[in-house]
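The values are calculated or read from the model by the stated rules, or taken from the named source; none is laboratory data. None of these values were measured; they are calculated from a predicted model. Note: ideal-geometry Cβ built from the backbone for every residue, glycine included; neighbour counts use all protein chains shown.
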Amino acid sequence: MIASHQALAAVAVAVVFAATSSCARLPPSLASQTVPTAPRSANLDHRYVTDVQPLLKTYCHSCHGGSSPAARLDLTAFDTTGRVISAFDVWERLHGRLDRREMPPRSAAQPTDAERRTITDWFAALRAYEAERNAGDPGVVLARRLSNAEYNYTVQDLTGVDIAPTKAFPVDPANEAGFDNSGETLAISPALLTKYIDAARNVANHIVFQPHGFSFAPYEVLTETDRDRFVVNRIMDFYRRQRTDLADYFFALWRYENRSALGLKGASLASIATAGGVSLPYLQRLQQLLHDRKGAFGPIAGMQRRWDELPAASTRPSEATVRAATEALRDYVIGYRKKLAWTFDVPRARPLHIASEITAMHVNRQEVLHRRRLNPHVLLAADTADPAAKGYDADLVVPSEPAARAAAVASLEKFCDVIPDAFLVTERTSPWLAKNQTGRLLSAGFHSAMGYFRDDGPLYELLLDDGGRRELDGLWRELDVISNAPARQLAGFVWFERTDTNFMLSPEFNHLRAEDLDLASDVKFGELRRLYEAKVAASGATAETRRMTQQYFDELGAAIRATAQARAAAEPTHLEHLVAFAERAYRRPIEAAERDAVLAFYRQLRQSGLGHEDAVRDTLASVLVSPHVLYRVDVVRTAAQSRIGDHAVAPLTSYSLANRLSYFLWSSMPDAELMARAAAGDLHRPEILRAQVRRMLRDGRVSRLATEFGANWLGVRRFEEYNSVDRERFPAFTNDLRRAFFEEPVRFLTALIRENRPVTDLLFGDYTYVNRPLASHYGMPQPDGDAERWVRVDKAGRYQRGGLLPMAAFLTQSSPGQRTSPVKRGYWVARNVLGQHIPAPPPDVPAIPSDEADLGSLTLAQTMARHRADPNCASCHATFDFFGLAFEGYGPVGERRERDLGGRTVDPATEFPDGVRRSGVAGILEYVRASRQQDFVDNLSRRLVSYGLGRGVIPSDRRLLDQMQAALRANGYRFSGLVETLVTSPQFLMKRVP
Amino acid sequence: MTTILKAAQSRRTFLRGAGVTMLLPWLESIPAWGGTAAQGRGTLLPKRLAVIFMANGINPNNWWAKGSGESMELGPSLEPLLPFRQRLNFIGGLFNEAATNVGIHPGQTGNLLSGARLTRGPEIRGGISFDQVLANRLGESSVQPSLVLGCEQPTTGYHETNFSMAYGSHISWASATSPVPMEVYPSLAFDSLFENRGAQRTRSILDRVMEQAADLRRQASTSDQKKLDEYLTSVREVERRIDRVRESANQAGKGTRPGQPGFTLQRPDNGLPQDIREHMRLMADILALAFQTNKTSVATLLLCRDISGMFYPFLPVTEAHHLLSHNDTSKEFTLVNQYYTGQLAYLAQRLQSMAEGDGTVLDNSCLLFMSNMWSGSRHDSTRVPVLTLGNLGGTLQSGRVLDYYDRPADTRRLCSLYLSLMDRMGVELPSFGDADERLAGI
């Protein structure tokens, strides 16, 4: 085995040499990389006839010839080199079996070593020659559907929400290179198509219909509760973004006024407002209030005094000191303001019920009107107030003398105007319920029935700028339109007035049912209102009661009409949005006929009886399962056809290239900028492509490259489902920790790509990334913040971590339950990391006990050494077991350990193939740096080529691989060198044409 | 373009021409889905389950049953069910633990069919209801996975217990966070049984993408065409499957039993019936029609929601349903209870009149009648009223009075009943809601 690996390496070196030297003679432009068809080497033809064929005849033809050749392989048919080339894959296998001495079978006559080499060397030379002649061949890249992952990411980028429509799909099969992004494996079946339709429907169910176009919620939006959740959350998010804590304002003002001492000389009030995240207009008002000393009374005078007493910056107070002082000032202001506020009780307005929506709304309106007003009824006159009386409060005392009183009241009014009793109120409950009924967001506070109420006047008037006001108005308008709140409030009104107040139980109302959606029509609403108001009037209501009843219906009626109009006006905009959505989903400009077809389908659905929303949903679903979306079909510019070696090729269209690029780097559709470049038609230019690559590699979406390429390459793509850990034995292994194990390599690779670090960091980087659960597992200090926060840990070697090799995901996945498996770990390093080819083990290998505790007196290392004493096993295992043995300092879930589960001291020291005894990950890295770094780089390049092109590596990719590695060497091994070289290669830019 | 319009035209014409005659009874001798051949009589008869819900509890004095079979005695509230004594199970004493100690009304309703704990405040969170579990498992072979009907619109305010009123408005939940949209309009519920809904909507989407695939294929290279052919073949195959289901439904009834025409129903008028009697009768008819023609095998019908505002001037009763339920021992409330069991009897009568195999659709169905509390005035969650009507294809014995009230909590869970019923529907789960045991003795 070792011998044959060395032989392969020798061939590879020869090819490298040939490729590099021929490459150097070629001008760098793409066109000239296309090698014209060369005549086959006469020398190789000659060697085949004189040297190789006689050996085949002697050793092979007796079985692989005649009328029924063994394994249906007739070697007599290969009478020329040309035939060999046309069946290259057969010969690759033949070459491998000869090389590994699997053929001829032991029972047959064996060629000498020299004879064997005559054949293998000749084939290797032919292969190298052919590879060079065809260098740049795009190979066979089939049209294919999107992988499950790509479909999810594409839907995410299309809708803006992470719906993961394929999460319950069967796992996509991987190709030979280990990736699930090639046409060979990505098939479709009727069962899968049915799933796609359901998935597309599910996505369409997330549509939120808005006054202008539509968007998507992170959940299905089919029922009223779903729509409510969406509109309420959006408004609440807006409110939560506003800074309404007065202490923040006082602190900002303090900074402004002390700007010189704070070294903020150039700062303006605006810049300080921006830095503090507070509203500038309100800061200005407060500034005025604090400094306008004329006529200051009561709370204004009090706050001015306290303001003056704030520590000066020149005394170098700590920030905490100043913060505390501004908070005390805030508390003083708010405390005082509370005493001056209005409160409103629910009026007793017969015949209206005590819990009537009409009276509740009346109270709400009063509250809104008085948020910035002084309540004069609480004031006490100086000459009559009795300090001993109950309820006496010096803060509320104003002079009795009329002029002085007027001045004091004016000052109090000014105070109340600038300091509202609340900037906004987001929760209301009916007044007779327990006060702990929280969470009724934006509610009008009706008893049981639904209804929204907006109470943000002071925020709107005092804090928001024009942009903020427009946004907030828009959100509230959308609340009505999306949730159809006014019509629903009416239905609730009727229900409540019948079931709880009994007011509408009289027979004249019998035909008006809360269930009737038509209740909000002009006719029925008008009738309901007329009957209701007539009954109110007939029951001897006061004028005020009649007025508030009318006002309730006036406002509700206006809202119902406005909403109905807005909903009708919205429909055409939904169709425009649908076409725009289709165009984005097709990932290329939509043709006029396609646009018409989308709209025609919508109309057809309407004709068949579907309502507007269902018709839009189904049309959107049809877009999402359209082959234009589901498939990636590369289209070429056939007019620009040329040849590479034996094959006719043509460049991809700009849009196909943009798609290829974005599915490579982001596993998803191109973004607007990439589409703009495709539209401009210059994406093929290498400098444009390189610039786009660099931009895209900095984007957060490369985490998908790290996941789909990196995690598949390293064999941990499905680690989040990994379930072979005995959780009783390893209680630390929770789902959170498992998720963290999976994320560690993904985050490592993501950061490496975004920061364009050297790919050698994957091995030698003395850092890693952890969140809280992983830090605990690794014995590192806990990162600040919540458990989901990830931080980079430098000098990770202190904890025996850093780089990919000691990451827990790999160490765990390679451990069969109750013990480690140095064999699997070594195999993983050799195969996944270094790209070594290792044949399958013979079928009769005895099993090692699955629990370390059952090993008896031997350690695992000793048990394995005994196993390797068998020469059948030794030749292979010697090439990778040592890697695994050096990991013995890590237990079955990747934890550091001194002893194994049987209590024996573990020894991570072992002899490496170069005869040196080394220990641990440091030992592995030392060995790799000295002897195997090229294997790592070559493997990474091959895997990336395979992933980026969506096909296996073929011999004619050799020159590209060399160029990628040359780019790495020329650029400090930085990652972008690999990608830039790959995407500017003919393989990436072109496609074979028939 | 032209093909789309043509297809639309022809289907539309077809629909119009077909009218009500398309809703024909299901026939057991015709291979149904995927061409499965009939395997002996009766084995292919579909089983159906419908939950019929009446909110706000019952009059405990008048809600009882004694004896069994033909000699069963029924309390006054159950009198309309006398003709169905032998098909009836009166089940007492079952309860939903998640509905206990959470306050009254919505917290007793939104989890009635799920057994899940509900979340208070603005976040809606409970659990999937068992009818939707059935729909998910059985729905593939139906035109509609389930039929979710109501006679009272949902509402979304807040109850004084701080549960959303949405919990009181829905008994069918598609997931922990989403109720199944409920159809309240008879005309739209009727339409939902037709082919322009459900599977036919999928068929339209397939027609549409088929056309695109053919276009794309023309532009593609030879090798790419092969990949697109996989897609085209799949589209055709799914279309064929849908057509097979449709055909079996359409051909059904041509001679189920000669001389026995199936039940037919004209499309109800648009809009909402003003009279609740007409409304409920239409909803029952539509449910019966759906079962007869096997458009679905799972249905829920919310006759009135929690804290119902329904009113019954024809009974004559002066108060609206909810307030009246606070006076649950009154004669008026018994009248209301009777009115509701009368709806159940009406539906049972409809199903019994529908011949199927050697018996009737009622033989192969289970109507599960429930309320969300026992006494309307006490709002108690210690037990809920449960009735079953029908025999689920011979798997459910009837004519029995079963009382679990005095047994330990673990042996009288509603979710245990659901597990037992789901078993009989062919969906066997290890556990559901708060139960991992079947209901003993059912």
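Within region A:680-701, the set of residues being without any contact (Cβ under 8 Å) to a residue 40 or more places away in the chain and small (Gly, Ala, Ser) comprises A:Ala680, A:Gly681, A:Ala691.
In the set (1) touching a residue at least 24 places away in the same chain (Cβ under 8 Å); (2) crowded, with 17+ Cβ neighbours inside 10 Å, B:Ala409 fails one condition alone, (2). Counting only residues that are of a type in the set (Gly, Ala, Ser), part of a loop (DSSP other than H, G, I, E, B) and within 10 Å of another protein chain (Cβ to nearest Cβ), how many does region B:304-333 have? Number of matching residues: 2.
In the condition set (1) over 21 Å from B:Arg201 (Cβ atoms); (2) under 23 Å from the mean Cα position of the chain (by Cα); (3) assigned to a loop (DSSP other than H, G, I, E, B); (4) among the hydrophobic types (A, V, I, L, M, F, W, C), A:Phe230 is compliant with all but (3). The single condition among (1) free of Cβ contacts under 8 Å to residues at least 40 places away in the same chain; (2) out of contact with any Leu (no Cβ under 8 Å at 6 or more places or on another chain); (3) of a type in the set (Ser, Thr, Tyr) that B:Thr360 does not meet is (2).
In region A:787-807, of all residues being within 21 Å of A:Val823 (Cα to Cα) and within 23 Å of the chain's Cα centre (by Cα), the one that is surrounded by the most Cβ atoms within 10 Å (Cβ to Cβ) corresponds to A:Met807.
Can you find even one residue in region A:123-141 that is surrounded by 23 or more Cβ atoms within 10 Å (Cβ to Cβ), within 24 Å of the chain's Cα centre (by Cα) and at negative phi? No, because not a single residue in region A:123-141 is surrounded by 23 or more Cβ atoms within 10 Å (Cβ to Cβ), within 24 Å of the chain's Cα centre (by Cα) and at negative phi.
Being surrounded by 15 or more Cβ atoms within 10 Å (Cβ to Cβ) and at pLDDT 95 or above holds for only one residue in A:Arg285, A:Arg259, A:Arg306, and it is A:Arg285. The residues of region A:766-787 that are in contact with a Pro (Cβ under 8 Å, 6 or more places away or on another chain) and closer than 27 Å to A:Ser976 by Cβ amount to a single one, A:Val770.
Condition check for A:Ser400 on (1) hydroxyl-bearing (Ser, Thr, Tyr); (2) in contact with an Asp or Glu (Cβ under 8 Å, 6 or more places away or on another chain); (3) closer than 20 Å to A:Ser356 by Cβ: one failure, at (3).
Residues that are buried (at least 22 other Cβ atoms within 10 Å of the Cβ) and either of a type in the set (A, V, I, L, M) or within 14 Å of chain B (Cβ to nearest Cβ) (or both) within region A:236-256 comprise A:Leu246, A:Ala252, A:Leu253, listed in sequence order. Among the residues making up region A:452-503, those that are more than 14 Å from chain B (Cβ to nearest Cβ) and either outside any helix (DSSP H, G or I) or hydroxyl-bearing (Ser, Thr, Tyr) (or both) are A:Arg454, A:Asp455, A:Asp456, A:Tyr460, A:Leu464, A:Asp465.
Exactly one residue out of B:Arg281, B:Arg277 is out of contact with any Cys (no Cβ under 8 Å at 6 or more places or on another chain), without any contact (Cβ under 8 Å) to a residue 60 or more places away in the chain and charged (D, E, K, R), and it is B:Arg277. Before we move on, is B:Gly342 touching an Asp or Glu at 6+ places or on another chain (Cβ under 9 Å), away from chain A (no Cβ under 14 Å), part of a loop (DSSP other than H, G, I, E, B) and surrounded by fewer than 24 Cβ atoms within 10 Å (Cβ to Cβ)? No; evaluated as a whole, the condition is false for this residue. For beta carbons closer than 9 Å, sequence separation of 6+ or different chains, a first residue in region A:67-85 that is closer than 23 Å to A:Ala131 by Cα and without any contact (Cβ under 8 Å) to a residue 40 or more places away in the chain and a second that is of a type in the set (Ser, Thr, Tyr) and surrounded by 16 or more Cβ atoms within 10 Å (Cβ to Cβ), the qualifying pairs are A:Phe78/A:Tyr48; A:Thr80/A:Tyr48.
Of all residues in region A:905-924, those being touching a helix residue (DSSP H, G or I) at 6+ places or on another chain (Cβ under 9 Å), surrounded by fewer than 18 Cβ atoms within 10 Å (Cβ to Cβ) and farther than 12 Å from A:Phe887 by Cβ number 5. One residue alone among A:Arg469, A:Arg488, A:Arg477 is under 30 Å from A:Arg285 (Cβ atoms), basic (Lys, Arg) and in contact (Cβ under 8 Å) with a residue 24 or more places away in the chain, and that residue is A:Arg477. For region A:605-706, the helices (runs of 4 or more DSSP H) that sit wholly inside it and include 3 or more residues that are surrounded by fewer than 22 Cβ atoms within 10 Å (Cβ to Cβ) and away from chain B (no Cβ under 14 Å) are A:672-680, A:686-698.
Note on region B:86-185: enclosed helices (runs of 4 or more DSSP H) holding 2 or more residues that are of a type outside the set (Gly, Ala, Ser) and more than 10 Å from every other protein chain (Cβ to nearest Cβ) are B:106-109, B:130-138. Among the residues of region A:363-412, just one is without any contact (Cβ under 8 Å) to a residue 40 or more places away in the chain, in contact with a strand residue (DSSP E or B) (Cβ under 6 Å, 6 or more places away or on another chain) and assigned to a helix (DSSP H, G or I), namely A:Arg405. Among the residues of region A:176-189, those that are within 8 Å of another protein chain (Cβ to nearest Cβ) and surrounded by fewer than 16 Cβ atoms within 10 Å (Cβ to Cβ) comprise A:Ala187, A:Ser189. With the structure loaded, tell me whether B:Gly168 is of a type in the set (Gly, Ala, Ser) and without any contact (Cβ under 8 Å) to a residue 12 or more places away in the chain or whether it fails that test. Against the criterion (of a type in the set (Gly, Ala, Ser) and without any contact (Cβ under 8 Å) to a residue 12 or more places away in the chain), B:Gly168 does not qualify.
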